[in-house]
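The values are calculated or read from the model by the stated rules, or taken from the named source; none is laboratory data. Bear in mind the structure is a predicted one, so any value in this text is a computation, not a measurement. Note: ideal-geometry Cβ built from the backbone for every residue, glycine included; neighbour counts use all protein chains shown. Please note that ligands, DNA and RNA were not included when accessible areas were found on the heavy atoms of the full protein model with its side chains. Shrake-Rupley method; radii C 1.70, N 1.55, O 1.52, S 1.80 Å.
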Amino acid sequence: RVPAFGDLKLKTAWAGFYEYNTFDQNAIIGQHPDIPNLMLCNGFSGHGLQQSPAAGRAIAELLTEKRFQTIDLSRFSFDRILANQPIFEHGIV
């Protein structure tokens with residue numbers, strides 16, 4: 001999908017923690033409902049590289065404009081966890 005990725009060659013390797021959202025394996029994006037000065041953009045469960053441009057823009061909009069402007073990512077809020085409403089992707093193998 002990104003032609004330039006085909007030219008990438010591994011030079012070194014790194015191992016570390018794998019960020020994983022055990023609730024529904026999807027990102028948590030937005031303000032924490034109980035901690036007003038805590039903004040969340042985490043829990044991508046391996047989708048971070050793919051979703052980071054949109055997530056970065058969304059968080060920047062929330063920080064500067066106090067709302068989503070370009071794309072509404074409110075369904076990825078922490079509120080879905082409190083409401084026990086996971087978002088499951090059915091096309092993932």
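So what's the angle, to the nearest 10 degrees on a 0 to 90 scale, between helix 48-65 and the longest Cα principal axis of the chain?
So the helix axis and the longest Cα principal axis differ by about 30 degrees.
Over the chain, what percent of the accessible surface lies on carbon and sulfur atoms, probe 1.4 Å?
58
Which one of THR64, PRO36, SER77 is farthest out on the positive end of the charge dipole of the chain, using unit charges on Cβ (Lys, Arg +1; Asp, Glu -1) and the Cα centre as origin?
Going by the Cα projections, it comes out as THR64.
Using 13 Å as the cut-off for backbone N distance, which residues of segment 6-23 belong to the label zone defined by a point 7 Å from the Cα of GLU89 along Cα→Cβ?
21
Can you work out the Karplus-derived ³J(HN,Hα) for every residue in segment 70-83? Use 6.51 cos²θ - 1.76 cosθ + 1.60 with θ = phi - 60°, whole Hz, and x for glycine or proline.
6, 9, 7, 9, 4, 5, 9, 6, 5, 4, 5, 6, 4, 8
What number, rounded to the nearest 500 deg cm²/dmol, is the helix-based mean residue ellipticity at 222 nm of the chain, given -39500 (n - 2.57) per DSSP H run of at least four residues and division by all its residues?
Computed mean residue ellipticity for the chain: -7000 deg cm²/dmol.
If R0 is 41 Å, what FRET efficiency do you get for ASP7 and ASP34 from their C-beta distance, rounded to 0.05?
Numbers: r = 46 Å, r/R0 = 1.11.
That pair, ASP7 with ASP34, gives E of 0.35.
Bin by bin, in steps of 5 Å, what percent of the Cα pairs in segment 5-93 do you find, going until the bin that has the longest distance?
Pair shares across the bins are 3, 12, 20, 22, 18, 11, 7, 4, 2.
Taking the Cα centre of the chain as origin, work out the dipole magnitude from +1 charges on Lys and Arg Cβ and -1 charges on Asp and Glu Cβ, in debye rounded to 20.
So the magnitude is around 280 debye.
So what is the accessible area of segment 42-88 per residue, in Å², with the probe set to 1.4 Å? Before the final figure, lay out each step's value.
Numbers: 3070 Å² over 47 residues.
Value returned for segment 42-88: 65 Å² of accessible area per residue.
Positive end of the charge dipole of the chain (Lys, Arg +1 and Asp, Glu -1 on Cβ, about the Cα centre): tell me which of PRO53, ALA13, ALA27 has its Cα farthest that way.
It is ALA13, whose Cα lies furthest towards the positive end.
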